[in-house]
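Note sheet for the following structure.
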Amino acid sequence: MNNFIIAVDGPAGSGKQRISKYIAKKYNLFHLDSGVLYRRMASTILKQKIDYNNQFNIKRLIDEIIYLSPRNHKSLRTENIGNITSKIAITPLVRKFVNNQQKIIVKEMLKLYIGCVIDGRDIGSKVFRDAKIKLFIEVPAEIRAKRRHKQLIALGEKSIYGQILKEINLRDKTDKRRKESPLIKPARAIIIDNSNNFQKTIIQIKKALIEIK
C-alpha cells in the first residue's frame, strides 16, 4: 500500500500518541500528533496574552499564522497550555484552521513516506474520513488520570490526582458534547484497549494492521 492514512482517535490521555509513534516507527510512516498543532496555538496565545474568549482576537491570530509546525516539544505539554488547548479546541474557527493545517502537512508528507498515522479526537470521523485504517483507543478515566498524574510529577510539576481526574472527566464531557466534531468512535474503527501493559496493546495493534506489509 502507498499513500495510505491510519487514523487514531480516543479521549484525552488514552495513549494515542504513544500508539501512533509505535505504528509510525514499525511501519516507517510519518506521525502527526494533531494535538501538537492545537497546543502550539495555545502556547502562542499564552505568550502573547491573547484573550482566547474573544473570537476577533482568535481570527486575527489565525490570519497571522501561515504554517503550524507539527514538531513536538516537552514545553508544549504543561498543564497550563493543556487547559488553554481544551478551551480553544471547541471553537469551530480554530478546529477548521487546524484541520486544514493537518491536510496540508499530510499532503506534503505523503510525498516522502508511504503513509501517515495521525492521532486526535476527530481524525477518522471528520478530518480523514477515508482513512484506510481507523483505530479508537479506550482507557478508563481513572487509569488515564493516574498516568497523567505520574507524568506531571516526572516533569517536576505539582499535581493532585483528584484534580486531574476531575479535569479528565470534564474534558471527556466537553469533547463528546461539543457541536463541532464531537469525540465519537468513527465508522469502521477498530477498538484498541490500552488499559493494561503496552505489550498487550501491541498485540492488538498488530492484529488490526495485519494488512500492512
Unmet criterion (only one of (1) among the basic types (Lys, Arg); (2) surrounded by fewer than 20 Cβ atoms within 10 Å (Cβ to Cβ); (3) farther than 20 Å from Ile62 by Cβ) for Lys126:
(3)
Residue list for the stretch 152-171, restricted to those being exposed (fewer than 15 other Cβ atoms within 10 Å of the Cβ) and in contact (Cβ under 8 Å) with a residue 60 or more places away in the chain:
Leu155, Glu157
How about the stretch 86-102: which of its residues are assigned to a helix (DSSP H, G or I) and hydrophobic (A, V, I, L, M, F, W, C)?
Ile88, Leu93, Val94, Phe97, Val98
Which condition number in (1) aliphatic (A, V, I, L, M); (2) surrounded by 15 or more Cβ atoms within 10 Å (Cβ to Cβ); (3) out of contact with any His (no Cβ under 8 Å at 6 or more places or on another chain) is the one that Ile23 fails?
(3)
Out of curiosity, is Tyr67 surrounded by 14 or more Cβ atoms within 10 Å (Cβ to Cβ) and aromatic (Phe, Trp, Tyr)?
no
State whether the residues of the stretch 117-130 include one that is in contact (Cβ under 8 Å) with a residue 60 or more places away in the chain and of a type in the set (Phe, Trp, Tyr).
yes
Of all residues being out of contact with any Gly (no Cβ under 6 Å at 6 or more places or on another chain) and at pLDDT 95 or above in the stretch 170-187, which is farthest from Lys96 (Cα to Cα)? Just the residue, please.
Lys185
Those residues of the stretch 173-203 that are under 21 Å from Lys21 (Cα atoms), among the charged types (D, E, K, R) and either in contact with a His (Cβ under 7 Å, 6 or more places away or on another chain) or without any contact (Cβ under 8 Å) to a residue 40 or more places away in the chain (or both) come to a total of 1
Could you tell me whether any residue of the stretch 99-111 is free of Cβ contacts under 8 Å to residues at least 12 places away in the same chain and over 27 Å from Asn2 (Cβ atoms)?
no
For residues that are closer than 25 Å to Leu165 by Cβ and of a type in the set (Ser, Thr, Tyr), scanning just the stretch 76-117, find the one that is modelled with the highest pLDDT.
Thr85
Where in the stretch 1-85 are the helices (runs of 4 or more DSSP H), entirely inside, with at least 2 residues that are under 20 Å from Asp122 (Cβ atoms) and under 14 Å from the mean Cα position of the chain (by Cα)?
16-27, 34-47
Can you find even one residue in the stretch 159-168 that is in a strand (DSSP E or B) and either aromatic (Phe, Trp, Tyr) or within 25 Å of Thr91 (Cα to Cα) (or both)?
no
Would the stretch 80-89 turn up any residue that is over 22 Å from Tyr52 (Cβ atoms) and charged (D, E, K, R)?
no
Against the definition (free of Cβ contacts under 8 Å to residues at least 24 places away in the same chain, over 15 Å from the mean Cα position of the chain (by Cα) and not in a helix (DSSP H, G or I)), how does Lys206 come out, yes or no?
no
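The values are calculated or read from the model by the stated rules, or taken from the named source; none is laboratory data. The structure presented is a predicted model; accordingly, all values stated were derived computationally and were not measured. When we count neighbours, we look across all protein chains shown, and the Cβ atoms used for this are built from the backbone with ideal geometry, even at glycine.
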